[in-house]
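A.B. asks: A single structure is presented below for examination.
The values are calculated or read from the model by the stated rules, or taken from the named source; none is laboratory data. None of these values were measured; they are calculated from a predicted model. So basically every Cβ, Gly included, is an ideal-geometry build from the backbone, and we count neighbours across all protein chains shown. What goes into the accessible areas is simple: the full protein's heavy atoms, side chains included, and nothing from ligands, DNA or RNA. Shrake-Rupley method; radii C 1.70, N 1.55, O 1.52, S 1.80 Å.
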2 protein chains.
Amino acid sequence: MKPDGISLDDAVAILERTPAGLSALLEGLPEMWVKATEGDGTWSPYDVIGHLIHGERTDWIPRARHILASETRPFEPFDRSAQFTESQGKSLSELLATFTDLRRDNIAVLVGMNLTDADFGRTGLHPELGEVTLGQLMATWVVHDLDHVAQIARTMAKVYTEATGPWSAYLSILRDRQR
Amino acid sequence: MKPDGISLDDAVAILERTPAGLSALLEGLPEMWVKATEGDGTWSPYDVIGHLIHGERTDWIPRARHILASETRPFEPFDRSAQFTESQGKSLSELLATFTDLRRDNIAVLVGMNLTDADFGRTGLHPELGEVTLGQLMATWVVHDLDHVAQIARTMAKVYTEATGPWSAYLSILRDRQR
């Protein structure tokens with residue numbers, strides 16, 4: 001257990017399973033599931049995979065390196081809408097393959113950093129949140145994955161809200177993030 | 001599209017992916033993830049898999065048969081705590097394998113029913129909800145899967161709530177179903 005309450009092995013155990021989990025849930029699904037959203041301004045499963053790809057490229061490992069390099073300037077802000085241009089013209093299958101490759105490479109980089117307990121307590125400057133630690137960044141990477149897995153399941157579930165009829169009373173996910 | 005707004009192919013597309021998706025996300029994870037809950041009276045990922053198994057055995061297909069047999073008595077009530085005895089002594093890996101086998105068999109049974117549009121409108125009597133249709137039962141099976149996928153992701157995410165530090169402000173899943 002590291003000072004911030006996480007262990008690298010526990011974190012990697014989640015991080016390394018996300019691409020296969022999302023691929024198994026989404027690969028080959030009809031478009032009506034993959035392109036569904038929860039309403040205006042919300043993301044489809046397709047959008048979420050593009051967002052995860054952008055995170056692999058610009059967020060987690062670059063910020064870990066930023067902290068380990070003892071940079072004093074803040075992290076680059078993360079672009080939360082990059083996927084709307086970057087995913088254009090790509091199939092979900094291509095996006096899942098890209099996410100899988102990037103995540104595998106990033107886990108190799110992470111493990112190769114040979115982080116010590118002391119490293120987990122090293123700090124960087126978030127452009128909005130202020131001082132954060134490397135341990136907090138790693139925990140956030142994990143929770144961010146799980147948040148988007150839940151979002152994808154919730155978004156697809158809502159496609160069938162009306163179709164469940166009276167059973168909707170028992171299906172609490174249909175009322176999460178109601179707009 | 002059936003009268004109740006679902007198509008069998010779209011429903012099966014989700015149902016047939018759930019076991020592989022959950023296995024990819026959970027198989028081999030450290031116990032601290034698999035046995036985590038959201039607090040007293042809530043379920044761990046391990047508990048959820050046992051619950052899904054009980055549904056395969058006693059809920060979806062038995063109720064579909066009940067409707068197709070034009071039974072006038074209500075469905076058998078579903079036991080929501082069966083997994084606390086039935087899963088005892090079993091590893092998560094065993095439970096995932098059992099769920100995978102039962103789901104595969106149940107999808108074969110479902111497809112073998114050769115349901116027509118008219119069948120989707122046939123009705124049965126739910127012990128609490130009253131009249132429900134076969135189409136609503138099928139849609140509920142799908143949403144129930146997705147609800148529990150989201151629950152598993154949310155439950156594991158909350159293990160790291162404190163560890164994310166100031167980032168928790170951005171991770172909205174950590175505030176879903178707060179108790």
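A.B. asks: Do you know which residues across the range B:79-89 are free of Cβ contacts under 8 Å to residues at least 24 places away in the same chain and either closer than 15 Å to B:Thr140 by Cα or of a type outside the set (Val, Ile, Thr) (or both)?
C.D. replies: Result: B:Ser81, B:Gln88, B:Gly89.
A.B. asks: Further, regarding this structure: Output the residues belonging to the range B:29-84 that are in a helix (DSSP H, G or I), surrounded by 14 or more Cβ atoms within 10 Å (Cβ to Cβ), aromatic (Phe, Trp, Tyr) and under 17 Å from the mean Cα position of the chain (by Cα).
C.D. replies: Residues satisfying the conditions are B:Tyr46, B:Trp60.
A.B. asks: Further question on the same structure: Answer with yes or no whether B:Leu115 is in contact (Cβ under 8 Å) with a residue 60 or more places away in the chain and away from chain A (no Cβ under 14 Å).
C.D. replies: Here the answer is yes, as B:Leu115 does meet what is asked.
Here is a yes/no grid of residues against (1) under 24 Å from A:Arg154 (Cβ atoms); (2) within 14 Å of another protein chain (Cβ to nearest Cβ); (3) touching a residue at least 12 places away in the same chain (Cβ under 8 Å); (4) not hydrophobic (A, V, I, L, M, F, W, C):
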position	(1), (2), (3), (4)
B:Ala69	no, no, no, no
B:Leu92	yes, yes, yes, no
B:Phe99	yes, yes, yes, no
B:Arg103	yes, yes, yes, yes
B:Leu129	yes, yes, no, no
B:Val132	yes, yes, no, no
B:Leu137	yes, yes, yes, no
B:Val143	yes, yes, no, no
B:Asp147	yes, yes, no, yes
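A.B. asks: A further question follows. Output the number of the condition that B:Glu128 fails; it satisfies all remaining conditions of (1) assigned to a helix (DSSP H, G or I); (2) surrounded by fewer than 24 Cβ atoms within 10 Å (Cβ to Cβ).
C.D. replies: Among (1) assigned to a helix (DSSP H, G or I); (2) surrounded by fewer than 24 Cβ atoms within 10 Å (Cβ to Cβ), the lone unmet condition for B:Glu128 is (1).
A.B. asks: Is it fair to say A:Val109 is facing another protein chain (nearest Cβ under 8 Å) and either out of contact with any strand residue (DSSP E or B) (no Cβ under 6 Å at 6 or more places or on another chain) or of a type outside the set (Asp, Glu) (or both)?
C.D. replies: So A:Val109 fails the test.
A.B. asks: A further question follows. Can you tell which of A:Val142, A:Val149, A:Val111 is open to solvent by 20 Å² or more (accessible area, probe 1.4 Å), part of a helix (DSSP H, G or I) and of a type in the set (Val, Ile, Thr)?
C.D. replies: A:Val111
A.B. asks: Taking the condition in a loop (DSSP other than H, G, I, E, B), open to solvent by less than 20 Å² (accessible area, probe 1.4 Å) and more than 7 Å from chain B (Cβ to nearest Cβ), does A:Ala11 pass?
C.D. replies: It is false that A:Ala11 is in a loop (DSSP other than H, G, I, E, B), open to solvent by less than 20 Å² (accessible area, probe 1.4 Å) and more than 7 Å from chain B (Cβ to nearest Cβ).
A.B. asks: Look at A:Ser23 and say whether it is within 14 Å of chain B (Cβ to nearest Cβ), among the polar types (S, T, N, Q) and farther than 26 Å from B:Ala13 by Cβ.
C.D. replies: In short, no.
A.B. asks: Within the set of pairs 6 or more residues apart or between chains, which connect a residue that is touching a residue at least 24 places away in the same chain (Cβ under 8 Å) inside the range B:165-179 to a residue that is surrounded by fewer than 15 Cβ atoms within 10 Å (Cβ to Cβ) with Cβ atoms less than 6 Å apart?
C.D. replies: Short answer, once both residue conditions are applied: B:Arg179/B:Gly39.
A.B. asks: Taking the residues in the range B:26-51 that are small (Gly, Ala, Ser) and more than 10 Å from chain A (Cβ to nearest Cβ) as candidates, determine which candidate is farthest from B:Val109 (Cα to Cα).
C.D. replies: This residue is B:Gly39.
A.B. asks: Can I ask one more? Which of the residues that make up the range A:163-178 are among the aliphatic types (A, V, I, L, M) and assigned to a helix (DSSP H, G or I)?
C.D. replies: Once the filter is applied, which keeps residues that are among the aliphatic types (A, V, I, L, M) and assigned to a helix (DSSP H, G or I), the range A:163-178 yields A:Ala163, A:Ala169, A:Ile173, A:Leu174.
A.B. asks: Something else: Of the numbered conditions (1) within 12 Å of another protein chain (Cβ to nearest Cβ); (2) buried (at least 20 other Cβ atoms within 10 Å of the Cβ); (3) outside any loop (DSSP other than H, G, I, E, B); (4) of a type in the set (A, V, I, L, M), A:Ile6 satisfies every one except a single condition; which is it?
C.D. replies: Single failed check for A:Ile6: (3).
A.B. asks: Exactly one condition in (1) open to solvent by 50 Å² or more (accessible area, probe 1.4 Å); (2) not in a helix (DSSP H, G or I) is false for A:Asp105; which is it?
C.D. replies: Unmet condition: (2).
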